[in-house]
1. Hey, among B:71, B:133, B:140, which residue is part of a helix (DSSP H, G or I), surrounded by fewer than 20 Cβ atoms within 10 Å (Cβ to Cβ) and away from chain A (no Cβ under 12 Å)?
2. Which residues, taken from segment A:81-131, are of a type in the set (D, E, K, R), under 30 Å from residue B:107 (Cα atoms) and away from every other protein chain (no Cβ under 14 Å)?
3. Mind listing whichever residues of segment A:49-74 are at the interface with chain B (Cβ under 10 Å from one of its Cβ atoms), in a loop (DSSP other than H, G, I, E, B) and over 26 Å from residue B:125 (Cβ atoms)?
4. If a residue has to be within 12 Å of chain A (Cβ to nearest Cβ) and touching a residue at least 60 places away in the same chain (Cβ under 8 Å) to count, how many in segment B:83-98 make the cut?
5. Has segment B:164-180 got at least one residue that is under 16 Å from the mean Cα position of the chain (by Cα), on the phi < 0 side of the Ramachandran plot and of a type in the set (S, T, N, Q)?
6. Condition check: under 30 Å from residue B:57 (Cβ atoms), surrounded by fewer than 16 Cβ atoms within 10 Å (Cβ to Cβ) and either in contact (Cβ under 8 Å) with a residue 12 or more places away in the chain or more than 9 Å from chain A (Cβ to nearest Cβ) (or both). Does residue B:209 satisfy that?
7. Residue by residue through segment B:23-57, note down the ones that are more than 18 Å from the chain's Cα centre (by Cα), assigned to a loop (DSSP other than H, G, I, E, B) and among the charged types (D, E, K, R).
8. Quickly run through segment A:48-76 and pick out the residues that are of a type in the set (Val, Ile, Thr) and under 15 Å from the mean Cα position of the chain (by Cα).
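No lab work stands behind these numbers, since they all come straight from the coordinates. Please read these numbers as outputs of a predicted model, since none were measured by experiment. With ideal geometry, Cβ positions are generated from the backbone for all residues, glycine too; neighbour counts draw on all protein chains shown.
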Amino acid sequence: MKRTLLKWLTVMALFAIASQAFAHHGSRVSYDLTRTVTLKGIVKEFVFVNPHVYITFEVKDVQGLVTEWATETDPPIMMASRFGWSRKYLKPGDEVTITVWPSKVGAPRGFLAKLVTSDGRVTDHSEQPQQ
Amino acid sequence: MRSRFIIAAVLLSSVAAAQPRSNEAPDSQKDQPFDRHSLSGIWWGHAARGTRNSLSATAPPMTQWAQQRHDAAKPGLGPRGQPLGNDPMMICDPMGYPRILFWNNYPYEIIPLPDRMIMFFDWFYTYRTIWTDGRQLPADPDPRWYGYSVGKWDGDVFVVQSNGFDDRTWLDADGHPHSDEMHLEERYQRADHNTIELSMTLTDPMAYTKPWVSEKFTFKLADGKTEMREDVCVPSVEAKYKETIREPAGGATVLKK
């Protein structure tokens, strides 16, 4: 009896936690949410606008070939409130390590899961997103 | 020992879930005296669990007219979401009412004036007017993106009646339609110092075979630091986002290497 009760309480707790994570919407329909890709690059443009903040950045591969990637994330009001972002959080030329859920069609586009700047600031937005 | 740990974890998570958000007035203010006939302030919306950014989890049965419109709608969010949709929000068309209410990450401000109440929405930086001067709804209203509204107090409940809705707006992110004959009743009640409760009834026989009664929405008073921002949806910015992000990510355009 006690074990069954504990199991149900655990299920309810997990539901409560999961519901909080799913509380906000997202436009992640274009992205493969089953895997992430981590890239090192140089910021080209930091666009801190509604309805989605996005960053374009250049990634150089081992042969020296440069690909322009872009990652999008939540609106400014959410990024400011949750992670302290502002229009000055990044600037062109910043070195960044960006982890994304990549585009389902293989385009160099992704939804932001994590961002680390060269001066050690970390934005961890990697809770499993809800579409 | 293990069972005590689990019980503690459950209790902690339940308590955590019930705490106000960091930008809401603290619970300690909940029992402060308040004016039951005041809805003034900056508020954060909380939809009822499971509503999925709509009036309720499930719409009433649609008419054939509405079903065709719903089928033609291609949402960018939710269970019918697809990478390249036709949600009017994607070109920054006005959100309309009540859909503007469902964006819980943006606050809104209620401002009483002598003959009307203004509901100002941070998202889209827009407002609607609720006339409180005793006038009736117009019999033949011009279509408005946010409708034409009149309101009055019925005891401790502020009752708003609205008509004159432009039928180009979606009711929710799933693309549920409405006609220009839609009538909306809203009932607001200040539950305590920090809380307003709202329920809505949408009547639109052209679109739904019976009234759409909403779940109860809760609005929580913002903390003293919250200010209304200018979160505009800018068509040129959205067009650039579409070209740079949405279409390449969704496969509508192939980027040149």
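1. B:71 is the lone residue from the list that is part of a helix (DSSP H, G or I), surrounded by fewer than 20 Cβ atoms within 10 Å (Cβ to Cβ) and away from chain A (no Cβ under 12 Å).
2. Kept after step one, since they are of a type in the set (D, E, K, R), are these residues of segment A:81-131: A:82, A:87-88, A:91, A:94-95, A:104, A:109, A:114, A:119, A:121, A:124, A:127.
Checking which are under 30 Å from residue B:107 (Cα atoms) leaves us with A:82, A:87-88, A:91, A:114, A:121, A:124, A:127.
A:88, A:91, A:114, A:121, A:124, A:127 - these are the residues of segment A:81-131 that are of a type in the set (D, E, K, R), under 30 Å from residue B:107 (Cα atoms) and away from every other protein chain (no Cβ under 14 Å).
3. Listed by number, the list holds a single entry, A:65.
4. Summing the residues that are within 12 Å of chain A (Cβ to nearest Cβ) and touching a residue at least 60 places away in the same chain (Cβ under 8 Å) in segment B:83-98 gives 8.
5. yes
6. Details: under 30 Å from residue B:57 (Cβ atoms): yes; surrounded by fewer than 16 Cβ atoms within 10 Å (Cβ to Cβ): yes; either in contact (Cβ under 8 Å) with a residue 12 or more places away in the chain or more than 9 Å from chain A (Cβ to nearest Cβ) (or both): yes.
Yes, satisfied.
7. Those that are more than 18 Å from the chain's Cα centre (by Cα), assigned to a loop (DSSP other than H, G, I, E, B) and among the charged types (D, E, K, R): B:30, B:31, B:35, B:36.
8. Start the filter on segment A:48-76 by keeping residues that are of a type in the set (Val, Ile, Thr), which leaves A:49, A:53, A:55-56, A:59, A:62, A:66-67, A:71, A:73.
Correct list: A:53, A:55, A:56, A:71, A:73.
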